Amino acid sequence: MKKRFFAVFSLILAAVFLVACSSQSTGEKNWEKIEKRGSIRVATAGTLYPQSYHDDKNNLTGYDVEILKEVGKRLKLKIDFTEMGVDGMLTAVNSGQVDIANYSLEDDNKNVKKFLRSEPYKYSFTSMVVRESDNSGISSWKDLKGKKAAGAASTKYMKIAKKMGAELVVYDNVTNDVYMQDLVNGRTDVIVNDYYLQKMAVAAIKDRYPVKINDGIYSNPYSTSFTFSLKNKTLQEKVNKAIKDMKKDGTLTKISEKFFAGQDVTKKTKVDYTEIDISDVE
């Protein structure tokens, strides 16, 4: 009986070892292809101020974009960006169209085990933007029930809105101006999103649109990272080392302060929040 047990156990260990070796081998081969190509292909939104957007000269920039450019410098590779909606990024990574998705998977995402994630480069929490005049009639997360919530498809923010009973109004990779204009004119009632992104967006358009962050109504803290295919383990390791080095030498903080008006989003902020379970939301 013992001999049979050890024989089966040995076979299981051998199988696990072979899978690990196969995954590592694939990752190394893909890394060699990237090195030979001389570039890392990245999917990014290009419409998400201040993380991935176009400046006054129409140059793609932002917190995430400049981090990736710095990673490229440290790996001695060019970064080739492809702009697309967030709902298509995971497919692009899986198909090999891009090597990295500028899209963050959270721990409770049903797809999280199907991909690899980088070292976190940003910490934040969820907030909501409402009309300044009346807070869009929202004084708690429960008040989202029946309200029209604006956002991109498949994001955790829209899942939170859906869980709280909001009617979802889906947008495809549009700029903040579109969101804010529709909020003001009543087409929508609320925008659930990242606190730091919303703080910057509201500050940028305060002279044009009477909107505000609904102060004190926060939820679900999280970290932000880049996403890779399971076949790009070596690339993930290279990027992780670069990000860790950028944390140690202060580069990551400098980039954060540049795009978030002096704020260091590389460190966690303590706030009172409501935890909203979205694990059962499709």
(request) Could you tell me whether any residue of the range 213-223 is surrounded by fewer than 16 Cβ atoms within 10 Å (Cβ to Cβ) and more than 21 Å from Thr44 (Cβ to Cβ)? (result) yes
(request) Taking the options Ile205, Ile255, Ile243, name whichever one is open to solvent by 10 Å² or more (accessible area, probe 1.4 Å), under 20 Å from Gly62 (Cβ atoms) and either touching a residue at least 60 places away in the same chain (Cβ under 8 Å) or out of contact with any Lys or Arg (no Cβ under 9 Å at 6 or more places or on another chain) (or both). (result) Ile255
(request) Tell me, please, whether a residue that is assigned to a helix (DSSP H, G or I) and charged (D, E, K, R) can be found in the range 206-229. (result) no
(message) Exactly one of these conditions fails for Gly165: (1) among the small types (Gly, Ala, Ser); (2) farther than 18 Å from Gly85 by Cβ; (3) crowded, with 19+ Cβ neighbours inside 10 Å. Give me its number.
(response) (3)
(request) Output the residues belonging to the range 164-182 that are modelled with pLDDT under 95 and charged (D, E, K, R). (result) Asp172, Asp177
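The values are calculated or read from the model by the stated rules, or taken from the named source; none is laboratory data. Everything quoted here is computed from the prediction, not taken from an experiment. Neighbour counts run over all protein chains shown; Cβ positions are idealised from the backbone, glycine included. Quick note on the areas: whole protein, heavy atoms, side chains included, nothing else; ligands and nucleic acids left out. Shrake-Rupley method; radii C 1.70, N 1.55, O 1.52, S 1.80 Å.
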